[in-house]
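Here's the structure, in structure tokens; my notes come after.
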Amino acid sequence: MTTIATSTRTRVVIVGGGPAGLMVSHLLHLAGLDSVVLDNRTARTIETTHRAGILERDSVRLLADAGVDRVLTAGHRHAGISLRFAGLSHRIDFEGLTGASCWLYPQTDVFADLHRIRRRDGADLRYGISATEVHDVRDAPRVRYTDGEGRRHEITADLVVGADGSRSVCRDLVDGATRYFREYPFAWFGVLVEAPPSAPELVYTRSERGFALLSQRTASIQRMYFQCDPGEDPRDWSDDRVWSELQCRLAGEDGFRLREGPVLERTVLPFRSFVQAPMRHGRLLLAGDAAHTVPPTGAKGLNLALADARILAETIEAALAGDDLSALARYTDRALARVWKAQHFSYWLTTMLHRTPGATEFDEQRQLAELRSVVDSQAGARYLAEGYTGWPEP
């Protein structure tokens, strides 16, 4: 029989201490509900893993309204993006089309801000654990884990939130779930480079050699991506080879050139779309990548996770503070309404901008016509702007 070193009681145990889990914990704290946050990773690992960097307007509003407002001073507001194809750039004016902007603010900073505020407020955060097990989610949830010294611990709670990412242990506990899945025949080769910005805003490029994206980080560090084969080995790419490929994809009759510098980091990011429904089973509720993932093209992953956190916190407050567990039944429909819109938007952008293996000349010309339909039409440009800056929940 396993010896339990400690047993803890809380209202909500949150499996997953990334931005989604910490945001749920913080919002519950503001509502007067205690929680315990668990994660197999260390906080340092999460804070130094570079990922998404674009926040929708409602994500910024959520952070600021919850007192996590460093994004307003350290983030960079972007009022548009450029679509570049056939060697020319075409600006999509978000503010002019929708009155909304997005913010360049790395996911690592969102995590650091939330982690700092939860620690300030005395939150029970347990990182660097292992062997996490979730039991009895239908009636009386229990979560067990092993700490760094090999001791087993148990937490009992009213509810469990599974915010433990795309390799979720909580996901499999949802009985009878339907999983929707699409894998793509390409990936992104991502680089972090030490160089000045080459453009003031993000540049999404469709070229004959495939997709490329320019994103900014700071005055001296930039993030860039280009389409590659999923089996590509980053170690095969020298700095010169990386820059040569990026320059070729961005080249055009306007003479645009990237500003180069040392490549600090290389990684290959596979693509897939995934949704699991429902996002709730008994007293277990899923959030973020545990329930859905999107291609990175539309910058929706982190924003969906934060939207889930907001809806989930409202749902949990209604269920626990309002003593109405029937409120949990409304979570999936509210969350998935936004998730499926984001899935469509991400799929649309991805298929419009990437070169598909085996594509014919017909496919190439159709893609270019679609891009021209977006940039030459105010209605088309507005659709892109609305999707990119996010859809306010009715």
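The values are calculated or read from the model by the stated rules, or taken from the named source; none is laboratory data. None of these values were measured; they are calculated from a predicted model. Every residue, glycine as well, gets a Cβ built from its backbone with ideal geometry; the counts of neighbours run over all protein chains shown. For the accessible areas, the whole protein counts, side chains as well, though only heavy atoms, and no ligand, DNA or RNA atoms are used. Shrake-Rupley method; radii C 1.70, N 1.55, O 1.52, S 1.80 Å.
When you look at residue 142, is it at pLDDT 95 or above, closer than 20 Å to residue 5 by Cα and among the basic types (Lys, Arg), yes or no?
Details: at pLDDT 95 or above: yes; closer than 20 Å to residue 5 by Cα: yes; among the basic types (Lys, Arg): yes.
In short, yes.
Filter the range 135-146 down to the residues that are assigned to a strand (DSSP E or B) and open to solvent by 20 Å² or more (accessible area, probe 1.4 Å) and list them by number.
Taking the range 135-146 as the starting set, the residues that turn out to be assigned to a strand (DSSP E or B) are 135, 142-146.
Of everything in the range 135-146, those that are assigned to a strand (DSSP E or B) and open to solvent by 20 Å² or more (accessible area, probe 1.4 Å) turn out to be 135, 142, 144, 146.
Mind listing just one residue for me: the one in the range 302-326 that is small (Gly, Ala, Ser) and at pLDDT 95 or above and, of those, surrounded by the fewest Cβ atoms within 10 Å (Cβ to Cβ)?
Ranking the qualifying residues of the range 302-326, first place goes to 318.
May I ask you to list pairs of residues, at least six apart or on different chains, whose Cβ atoms are under 9 Å apart, with the first in the range 1-12 being part of a loop (DSSP other than H, G, I, E, B) and the second being modelled with pLDDT of 95 or more?
So the pair list comes out as 2/144; 2/152; 3/151; 3/152.
If we keep just the residues of the range 285-300 that are open to solvent by less than 10 Å² (accessible area, probe 1.4 Å), outside any helix (DSSP H, G or I) and in contact with a Phe, Trp or Tyr (Cβ under 8 Å, 6 or more places away or on another chain), which is farthest from residue 213 (Cα to Cα)?
Step by step, filter the range 285-300, then rank; the result is 285.
Just for the range 17-44: of the residues that are within 12 Å of residue 126 (Cα to Cα) and among the polar types (S, T, N, Q), which one is least open to solvent (accessible area, probe 1.4 Å)?
Only one residue fits best here, namely 35.
Residue 90: touching a residue at least 60 places away in the same chain (Cβ under 8 Å) and either of a type in the set (D, E, K, R) or more than 29 Å from residue 126 (Cα to Cα) (or both), yes or no?
For residue 90, the condition - touching a residue at least 60 places away in the same chain (Cβ under 8 Å) and either of a type in the set (D, E, K, R) or more than 29 Å from residue 126 (Cα to Cα) (or both) - is met.
Of everything in the range 147-167, what is at pLDDT 95 or above and crowded, with 17+ Cβ neighbours inside 10 Å? Give them in sequence order.
If the condition is that a residue be at pLDDT 95 or above and crowded, with 17+ Cβ neighbours inside 10 Å, then 153, 154, 155, 157, 158, 159, 160, 161, 162, 163, 164 are the ones that fit.
Listed residues 166, 215, 207; which is touching an Asp or Glu at 6+ places or on another chain (Cβ under 6 Å), on the phi < 0 side of the Ramachandran plot and of a type outside the set (A, V, I, L, M)?
166
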